[in-house]
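These notes are about the structure you will find just below.
The values are calculated or read from the model by the stated rules, or taken from the named source; none is laboratory data. Since we're looking at a predicted model, the values are computed, not measured. No Cβ is skipped: glycine too gets one built from the backbone with ideal geometry, and neighbour counts run over all protein chains shown.
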Amino acid sequence: MDEKIRHILEILENDARASPDEIAALTDMTAQEVSQAIAKLEETGVIRHYKTIIDWDLVGENYVYAVIELKVTLERNQGYQVIAERIYKFPEVRSVRLLSGDYDISLTVRGRSMKDVAFFVAEKIATLDQVQNTATHFVLKTYKEDGVILHEPEAIKRLPVSL
Amino acid sequence: MRPPCDPSKFVAEIIKNVPPSGIRRFFDLVSGLEDVISLGVGEPDFITPWHIREMCIHSLEKGQTSYTSNYGLPELRDELSRTYYRRYGLDYDPASEILVTTGVSEAIDIALRAVVNPGDEVIVVQPAYVAYVPAVVLAGGKPVIVSTHRDDEFRLTAEVLKPAITSKTRAIVLNFPNNPTGAIMIREDLEDIADLVAEHDLFVISDEVYECLTYEGKHIPFSSLEGMKERTVMLNGFSKAYAMTGLRLGFAMGAPEIIRSMMMIHQYSMLCAPITAQIGALEALRNGNDEMERMVREYDRRRHFVVRGFNRIGLDCFTPKGAFYAFPYVGATGLSSGEFSERLLNEKRVVAIPGDVFGEAGEGFLRCAYAASMDDLKKAINRMGEFVDGL
């Protein structure tokens, strides 16, 4: 990978709102070069999406999250893709992953209450033909989300001058 | 009644001969000020990577708190030997050619004491880290200053080195990548210097602590030059590359005779480097490469940002290729480095170190460490722009 492209991706991965001007100053490029490079990265699907990590609790929106593990049986001529597609189309489902180990698929579900989530799993997921059984784990607290630590303790202070 | 005593008379003459540090006054100026942004810090703004800290904690839990070999943990020396063979094809015997020290600072001191006889001249290339001249004086040597210049992007050339060499010259202290200029050397100049070193039968103390912070091209250890390994002691450490400053861990690599002599001093003054830091250093070498490279890429981006920023606000700044310092020229404002940084601090609350602290050759320049958060760097450059506009 080109070093400049790596820099651009690392900057955006950390801050999706970094402007072409800002990125240009960090990479010794012109803003136009940066815009072109980003356009190409978007076009080729390297950059999938820009999103924001929000602490909904702070605005009183107390979402409930749960991790659901599924064991599934595959039907003839059907891979995991088919069941994954059925599941990820529900907007309540935030992520879907195929796993190695005891369970096959792990999903994250968001709802407005535990009852909400429990009913969603019972009615929409557990009832799918391919699903053998489910295990629901409610999230009690999120400490780190996609590389971002949500409540970091105060930074250590350095001496203001050292040689 | 016994007579009163003035303790100052017990201070040794050699200490009185050590030049005062130009930075002391600056410390006092900064303390007590609010909302100060500091570009005056010679250490990473990253915390030591967690896997290294975690390994140190684990070792403490296990009770690894004893002395180590005077030379340092054998596993650490083995790993250092392998690392430098892998990086540069350098072949240092872990049993006799590597000494683990309490930071590079200690290594500078004992390297000089191990090779300097009273009255020997030691060439110090400036602008340079502030410890070299005092360390030469304390070792009983006579510092001879050679200055590098902006036109050479502060690289040392054989041309400026040659006139400083006399029959009394014993050694040269090199520091590339350089604190405070961010300069790195190129092979052509290094080869010319190696020729001079061989011709005049000199020894080289090469402080390469910023080795891993080389952004363009590849670092060239002085000892890797043909015929230079026996004449060189390479000093290096973990502070800058792995953000481990306060853990105080460095090392020296050189000929067995030199390393043994350094160990003679080290064993009686330090005994050994702290074991917790040595364990952390071993972990850094074994598993720290990804984190180190991540930090280096981050510095690299900030480097571009500050150089462009300084040039935009009218402070001429060449692009440093190593360390984490930019060295903009402020002489065009009509102020000296000292006046500029003092007024900048008082009027705009930004700390940058006046270049003359690092030797006369630094006059007119300012050392700005870009090992600071992007928010601070943005604010600092904006404030410096306002300051320059207001002059």
Next on the checklist: Among the listed residues A:83, A:53, A:38, A:68, identify the single one that is more than 14 Å from chain B (Cβ to nearest Cβ), part of a helix (DSSP H, G or I) and touching a strand residue (DSSP E or B) at 6+ places or on another chain (Cβ under 9 Å).
Outcome noted: A:83
Item to check | Of residues in the stretch B:179-211 being in contact (Cβ under 8 Å) with a residue 40 or more places away in the chain and in contact with a Lys or Arg (Cβ under 6 Å, 6 or more places away or on another chain), the one nearest to residue B:318 (Cα to Cα) | outcome: B:183
Next on the checklist: Six or more apart or on different chains, Cβ atoms under 9 Å: show the pairs whose first residue is in the stretch A:55-74 and more than 19 Å from residue A:118 (Cα to Cα) and without any contact (Cβ under 8 Å) to a residue 24 or more places away in the chain and whose second is part of a loop (DSSP other than H, G, I, E, B) and among the polar types (S, T, N, Q).
Outcome noted: A:56/A:62
Item to check | Selected residue [within 14 Å of chain A (Cβ to nearest Cβ) and within 26 Å of residue A:26 (Cα to Cα)] from B:354, B:328 | outcome: B:354
Next on the checklist: Exactly one condition in (1) part of a loop (DSSP other than H, G, I, E, B); (2) touching a residue at least 12 places away in the same chain (Cβ under 8 Å) is false for residue A:161; which is it?
Outcome noted: (2)
Checklist entry - What number of residues within the stretch B:163-182 satisfy the criterion of being more than 14 Å from chain A (Cβ to nearest Cβ), in contact with a strand residue (DSSP E or B) (Cβ under 6 Å, 6 or more places away or on another chain), within 19 Å of residue B:233 (Cα to Cα) and not in a strand (DSSP E or B)? => result 1
Checklist entry - Do we have residue B:283 as farther than 25 Å from residue B:388 by Cα, within 12 Å of chain A (Cβ to nearest Cβ) and either acidic (Asp, Glu) or part of a helix (DSSP H, G or I) (or both) here? => result no
Next on the checklist: Looking only at residues that are in contact with a helix residue (DSSP H, G or I) (Cβ under 9 Å, 6 or more places away or on another chain) and more than 10 Å from chain B (Cβ to nearest Cβ) in the stretch A:9-32, which one is surrounded by the most Cβ atoms within 10 Å (Cβ to Cβ)?
Outcome noted: A:20
Next on the checklist: Which condition from (1) more than 14 Å from chain A (Cβ to nearest Cβ); (2) under 28 Å from residue B:319 (Cβ atoms); (3) touching a residue at least 60 places away in the same chain (Cβ under 8 Å); (4) not β-branched (Val, Ile, Thr) is the one that residue B:126 breaks?
Outcome noted: (1)
Checklist outcome for this item: All-but-one check, residue B:357 against (1) assigned to a helix (DSSP H, G or I); (2) of a type outside the set (S, T, N, Q); (3) in contact with a helix residue (DSSP H, G or I) (Cβ under 9 Å, 6 or more places away or on another chain); (4) modelled with pLDDT of 95 or more, failing number (4)
Checklist entry - Has the stretch B:32-39 got any residue that is within 13 Å of another protein chain (Cβ to nearest Cβ) and in contact with a Ser or Thr (Cβ under 8 Å, 6 or more places away or on another chain)? => result no
Item to check | Which listed residue, of A:61, A:75, A:92, is touching a strand residue (DSSP E or B) at 6+ places or on another chain (Cβ under 9 Å), assigned by TED's automatic domain parsing to the domain that holds residue A:141 and among the acidic types (Asp, Glu) | outcome: A:92
Next on the checklist: Being among the β-branched types (Val, Ile, Thr), closer than 24 Å to residue B:109 by Cα and not assigned by TED's automatic domain parsing to the domain that holds residue B:42 narrows it down to one residue among B:165, B:186; which is it?
Outcome noted: B:165
Next on the checklist: Within the stretch B:286-309, take every residue that is hydrophobic (A, V, I, L, M, F, W, C) and within 20 Å of the chain's Cα centre (by Cα) and give me the one that is farthest from the other protein chains (Cβ to nearest Cβ).
Outcome noted: B:292
Checklist entry - If the Cβ limit is 6 Å and pairs must be 6+ apart or interchain, which residue in the stretch B:247-273 that is of a type in the set (Val, Ile, Thr) pairs with which residue that is outside any helix (DSSP H, G or I)? => result B:258/B:233; B:259/B:97; B:259/B:99
Item to check | From the options A:127, A:108, A:142, residue that is β-branched (Val, Ile, Thr), out of contact with any helix residue (DSSP H, G or I) (no Cβ under 9 Å at 6 or more places or on another chain), at pLDDT below 95 and surrounded by 12 or more Cβ atoms within 10 Å (Cβ to Cβ) | outcome: A:142
Checklist entry - Is at least one residue of the stretch A:62-81 closer than 30 Å to residue A:39 by Cα and surrounded by fewer than 10 Cβ atoms within 10 Å (Cβ to Cβ)? => result yes
Item to check | Residue selected from the stretch B:321-345 under the condition more than 23 Å from the chain's Cα centre (by Cα) and touching a residue at least 40 places away in the same chain (Cβ under 8 Å), by the criterion surrounded by the most Cβ atoms within 10 Å (Cβ to Cβ) | outcome: B:344
Item to check | Test: residue B:65 is β-branched (Val, Ile, Thr), touching a helix residue (DSSP H, G or I) at 6+ places or on another chain (Cβ under 9 Å) and either over 30 Å from residue B:293 (Cβ atoms) or without any contact (Cβ under 8 Å) to a residue 12 or more places away in the chain (or both) | outcome: yes
